[in-house]
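The structure appears below as C-alpha cells.
No lab work stands behind these numbers, since they all come straight from the coordinates. No experiment lies behind these values; they were computed from the predicted model shown. In this analysis, Cβ positions are derived from the backbone assuming ideal geometry, glycine residues included, and neighbour counts consider all displayed protein chains.
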Amino acid sequence: MPDDFTALRTKLQRLANEQRIAAERKALKATGEVILQAVQDLCPIEAGKPEGILEVGELHASLKTYVKIATDEKAVDGAEDQVIVAPSTLAYINAVAGQTYNIRIRSLRSNGGTSVWVELDGFVAGLVLNTQSADGYGIGSLVGEAYPNNTAAIDCMPFTAQVGSLSLPIFPSGAVMITTDGTIGGSGAALLQQTQYYVYYVDTAYAGGNVTPIATTNKADFVGKLGFFLIDSIITPYVSSSGGGTSTTTLYYPSTYSDTGTRSTANPGQAYDGDLATYALCSGVTTTTTWTTGEGSFSGFPAIALASESTLSINAYARMIGDGQCGCTISWGSGSTAGSATVFEATATFAQQTYTYTIPANVALNSVSVHIYAYPAVEVDPGSSGAEPPVGPGAGGGAGIVTSSTYDPASTLMSVYEIYITG
C-alpha cells in the first residue's frame with residue numbers, strides 16, 4: 001500500500017536538517033573566532049619595511065572568519081564543512097579546469113605603494129568534484145551484466161569527457177570490463193547483482209586515454225578529490241536460476257526505469273527486486289480540475305541473446321475508480337530486427353496475475369524495453385458547460401487543467417510486482 005506518511009517524513013527530515021545546519025554553523029563560527037584570535041596574536045603588527053605595503057595593524061584588522069557548510073549549496077562548493085580565516089579582501093582569477101597558466105601577481109595600495117611581482121609558471125588549474133557537480137562525464141556509457149553464478153560485471157564503453165575546454169577521449173582502445181568491487185576498504189570481491197555502483201577513474205594530469213575504471217558503492221571514494229572523475233552510476237542486473245536436476249530456469253531482470261508520465265511512478269525498482277511482496281505503483285488521477293497520467297519504460301536487461309525463444313512475464317494488479325485504462329507493451333531490436341507488441345490492456349479492475357509474451361529467438365535482451373501506462377478517464381461533468389477535453393480512456397497520456405468546467409474524478413492505479421524474462 002502507498003505510504004501516506006512519506007510527505008510528513010520528508011518535511012520533518014528537512015526541518016531536522018535545517019536545525020542541524022544551524023547548529024553546525026554556530027559551532028564552526030565559535031571555532032573560527034578562537035582560531036582568529038590565535039592568528040591575530042601571532043601576525044605582525046608592522047609591515048617590517050618603512051615603505052611597506054601594509055600600514056601598522058592593517059593585516060591584524062583585516063582578518064575575518066568565514067564558515068561554509070557542506071550541505072548548504074549556496075555557501076560551499078566542497079563536500080566538507082569549513083572554517084576559513086583570511087583577509088577580508090580576497091582576489092579570484094577566472095580559469096578553466098585542466099588548462100595550464102603562467103601567473104604573475106602583486107598587491108597595489110591606494111597610496112601607490114606596490115609589492116614585488118610573484119610569478120608562478122606552468123600552473124594547471126585543478127578541478128574538485130563535489131556532490132553538487134559530480135553528475136558523471138560518461139552518462140549512459142556503462143552496461144551492466146549478470147550471470148547465473150550470482151556475480152555481475154560492468155562494461156565501460158568509450159566516450160569523450162568534456163572537462164572545461166578540454167575534450168578527453170576515455171578508453172580509446174576499446175571497452176573495459178569491471179568484475180571486482182573497488183570500494184576503498186572493501187574486500188575486492190566480485191561485483192554483486194542488483195547493486196548500485198558508482199564508476200570513476202583517476203586522471204590528475206587531465207590527459208584522458210586508457211584510464212582504469214573503478215566501481216565503488218561509496219561516493220566518498222571520489223567526491224571532493226582532485227582529479228577523480230565520475231563516469232556514471234548503474235544498478236547491476238539480476239539473474240536468478242531456479243529448478244532442480246537437469247531442468248533450470250534463468251530469470252533475467254531489467255536494471256533501470258525511465259519515468260515519462262506526468263505523474264511519477266512510485267518505487268519503480270521494486271518491480272525488479274525479485275520479491276513478489278513489493279511493487280511499483282504506476283497511476284493516473286483525474287480530479288475535478290486537473291488530470292495526470294502515469295507511464296514509463298523498464299530496460300537494462302543483460303547484454304545477451306538467447307538462441308531460442310524467451311518469455312517476458314509481468315505480474316500486476318490494477319484498480320480503477322471511474323473509467324480508465326492501463327496496460328503494457330514491449331519493443332526490441334532496431335532497424336530490420338525491430339519488433340513490438342501489446343502484452344496486455346485493461347479497462348477495468350483486475351486481480352493480481354501474471355501476463356506473458358513470447359520473445360523471438362536471437363533477440364538481444366539489452367534491446368528489450370517494457371512500457372507500462374495508467375490513464376484515467378478525462379470527461380467533463382454532464383451538467384457542466386464547456387468543451388470536452390480531447391482525451392478519454394485509451395487515447396493517450398498527458399496532463400491538463402480545466403477552468404471553464406468540471407472533470408469527473410477518476411483514478412487508475414496499476415501495481416507492478418515483478419518484470420522478468422525467462423529463457
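Against the 2.2 N^0.38 Å scaling, with N counting residues, where does the range 209-349 land? I'd like the Cα-based Rg ratio to two decimal places. Spell out each step's value before the answer.
Details: Rg = 19.6 Å, N = 141, 2.2 N^0.38 = 14.4 Å.
Here the answer is 1.36, to two decimals.
Once the cut-off is 16 Å, how many percent of the Cα-Cα pairs in the range 133-211 end up in the long-distance tail?
In whole percent, the share of Cα-Cα pairs in the range 133-211 beyond 16 Å is 56.
Can you tell me the FRET efficiency between residue 334 and residue 288 if r is taken as the Cβ-Cβ distance and R0 is 41 Å, rounded to the nearest 0.05?
0.40
What does the C-alpha gyration tensor say about the overall shape of the range 320-368? Classify as rounded when a/c is under 1.5, otherwise prolate if a/b is larger than b/c, or oblate.
On the way: a/c = 4.09, a/b = 2.42, b/c = 1.69.
Prolate, since a/c reaches 1.5 and a/b exceeds b/c.
What GluC sites (Glu not before Pro) in the range 240-348 are in a loop by DSSP, with at most 16 other Cβ atoms within 10 Å of the Cβ?
Loop-located and lightly packed - 309.
Over 10 Å intervals from 0, what percent of Cα-Cα pairs in the range 278-324 sits in each interval?
15, 39, 25, 15, 6, 0
How do 178, 372, 184 line up, fewest other C-beta atoms within 10 Å first?
184, 178, 372
Neighbour counts of other C-beta atoms within 10 Å: give me 320, 177, 157, 414 arranged from fewest to most.
Arranged by neighbour count, lowest to highest, 320, 177, 157, 414 become 177, 157, 320, 414.
Describe numerically, in nm with one decimal, the distance between label points set 7 Å from Cα along Cα→Cβ at residue 308 and at residue 157.
Output for this residue pair reads 3.0 nm.
Mean projection of the alpha-carbon convex hull of the range 281-358 over all orientations, in nm²?
Values: hull surface 27.6 nm².
Mean orientational projected area (the range 281-358, Cα hull): 6.9 nm².
Given R₀ = 25 Å, what would the calculated FRET efficiency be for residue 165 paired with residue 121, taking r from the Cβ atoms and rounding to 0.05?
Once the sixth-power term is evaluated, E becomes 0.80.
Using DSSP to define loop residues, name the chymotrypsin sites (Phe, Trp or Tyr not before Pro) in the range 170-210 whose beta-carbon has at most 15 other beta-carbon atoms within 10 Å.
Values: sites: 197, 198, 200, 201, 206; in loops: 206.
The qualifying sites: there are none.
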